[in-house]
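Written out below as structure tokens is the structure these notes cover.
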Amino acid sequence: MSETPTFTPRVFSGIQPSGGLTLGNYLGAMTRFVDWQDRGTHETIFCMVDLHAITVPQKPETLRHNTRELCAGFLAAGIDPERSILINQSQVPEHAQLAWVFNCVARMGWMGRMTQWKDKAGKNAEAASLGLFAYPALMAADILIYKSTHVPVGDDQKQHLELTRDIATKFNHDFGVELFPITEPVIEGAATRVMSLKDGTKKMSKSDPVDASRINLTDDADTIARKFKKAKTDPDPLPGHAEALDARPDVRNLVNIYAALDGRDVGTVLAEKEGKMLGYFKQELADLAVEKLSPISQEMSRLMRDPAEIDRMLARGAERARAISVPILEEVYDVVGMVR
Ligand code: AMP
Ligand code: TRP
């Protein structure tokens, strides 16, 4: 009888370099990544997914700039390129190579059910790129090319992680192997879904055309204060309990953001702020956000003054990543039947 293989505990996650980082990325993803790294129980690999970004049109110079700026964001938020492996996706070619194999494992029906595909392709799916449709197979390859066991992400990526598990299961089953782990999604923390400041039922997104709907990590203190001040709310004061916010998504979002920035839970924050008017609370929130975010944006601009150093770090990250990914791709090719 074959024994179930044990996999090295390994965390992988990625962010697209398709625009500036938002407060949603920071609270939903970056701060979680740093926690995993600092806990030290798992190997940690973090990735700028430039190949994912080109599923929609990108200006080449802007993409290069955004990739380096995202790298600066990872570093400024606390990712240590010695303790973690920090990479740019296209510099580790095994991601794209495994993605091709997964394109042949995943079924058209599975991909067609992805809500992100339906949202992004919209009514004009005929004109969307083939890459946009295949995107979740590349994401599965990002994760499984390292046999990653845990993937911290925001709530919007849940369905893609279920697909990753389906691909791993089908590959293992079709070839009668236990090559890939069934990865655990890790969707946790006070801010798995940070909402738009203009509509508390929509997620905060870097692709929203309205800049005032989000906080960018590069916004200055005045801009942050102005955006929170103009955030959509209602005239009622803050309640003492979280359940009372169920029907007030805009207010709930601001309280969640406050709690996440302050590292406390929503109940504790509300117990302290009960009865305060929103105008007053927004000012407190703006002050807290500026206090937490401005050191990060300052560090990002400092790092961006030396792009060559960023490039050196990424080259080193790719080298370390390939020490893991090359043997795994060889194993896959052997199983699938490629002559080597
Ligand atoms: P993306 O910017 O789409 O590449 O997302 C990168 C990471 O940030 C993923 O783990 C997302 O789930 C997370 N993320 C993006 N937007 C939000 C948001 N509004 N709230 C919480 N997490 C988010
Ligand atoms: N699809 C993710 C997003 O849009 C980014 C991503 C690509 C990712 N590959 C990944 C996240 C692998 C986690 C693991 O946010």
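Computed from the coordinates by the stated procedures, all read-outs in this text should not be read as laboratory data. It should be emphasised that the depicted structure is a prediction, and the values quoted were computed from it without experimental measurement. Every residue, glycine among them, receives a Cβ derived from its backbone with ideal geometry; neighbour counts consider all protein chains shown.
Could you list which residues have their amide H under 5 Å from that of LYS203, counting only those 5 or more apart in sequence or on another chain, with H placed in the peptide plane?
Residues meeting the amide H criterion: SER196.
Please tell me which of these pairs span more than 23 angstrom C-alpha to C-alpha: LYS170/LYS202; LYS158/LYS230; LYS158/LYS273; LYS118/LYS158?
LYS170/LYS202; LYS158/LYS230; LYS158/LYS273
Taking the Cβ of GLN37 as the center, what net charge do the other residues with Cβ under 13 Å away carry, scoring Lys and Arg +1 and Asp and Glu -1?
-1
When Lys and Arg each count +1 and Asp and Glu each count -1, what net charge do the other residues less than 10 Å away from ALA242, Cβ to Cβ, add up to?
-2
Determine the dipole magnitude for region 215-340: charges of +1 sit on the beta-carbon of Lys and Arg, -1 on that of Asp and Glu, nothing else is charged, the reference point is the Cα centre, and the result goes in debye to the nearest 20.
300
Once fully extended, how much extra length lies between ASP222 and ALA244, figured as 0.36 nm per residue of separation less the alpha-carbon to alpha-carbon distance?
4.8 nm
Suppose a student asked you for the relative contact order of region 211-302, using Cα pairs under 8 Å spaced at least 6 residues apart; what percent would you report?
Contact order relative to length: 39 percent.
Find the relative contact order for the chain and round it to a whole percent, using C-alpha pairs within less than 8 Å whose residues are 6+ positions apart.
Computed over the chain, the figure is 22 percent.
Divide by every residue of the chain the summed helix terms, -39500 (n - 2.57) for each DSSP H run of at least 4, and state the resulting mean residue ellipticity at 222 nm, rounded to the nearest 500 deg cm²/dmol.
Value at 222 nm, helices only, nearest 500: -16500 deg cm²/dmol.
With unit charges on the beta carbons (Lys and Arg positive, Asp and Glu negative) and the dipole taken about the Cα centre of the chain, which residue among LEU293, PRO249, LEU161 sits farthest to the positive side?
PRO249
Can you name the helices of the chain, as whole DSSP H runs, whose Cα span along the helix axis is 27 Å or more and whose Kyte-Doolittle mean is not below 0.0?
307-336
Give me, ordered by chain and number, the residues 5 or more places off GLN16 or on other chains with an amide H under 5 Å from its own placed amide H.
Here the answer is VAL49, since their amide H atoms fall under 5 Å of that of GLN16.
Hey, rough spin-label estimate for ASP236 and TRP110, points 7 angstrom out along Cα→Cβ, what's it come to in nanometres?
Result for the modelled spin labels: 4.4 nm.
Give me the net charge for the shell around LEU161: Cβ to Cβ below 12 angstrom, other residues only, Lys and Arg +1, Asp and Glu -1.
So the surrounding residues net to -4.
Ranking SER325, SER301, SER90 by Cβ neighbours within 10 Å, fewest first, what do you get?
Lowest to highest Cβ neighbour count: SER301, SER90, SER325.
State to the nearest 20 debye the size of the charge dipole of the chain about its Cα centre, where the only charges are +1 on K and R beta carbons and -1 on D and E beta carbons.
760
Where the only charges are on Cβ atoms (+1 Lys, Arg; -1 Asp, Glu), what is the dipole of region 96-150 about its Cα centre, to the nearest 20 debye?
140
Provide the packing ranking of 139-148, 213-222, 250-259, 103-112, i.e. peptides ordered by the mean count of other C-beta atoms within 10 Å per residue, highest first.
Going by the mean number of other Cβ atoms within 10 Å, highest first, we get 139-148, 250-259, 213-222, 103-112.
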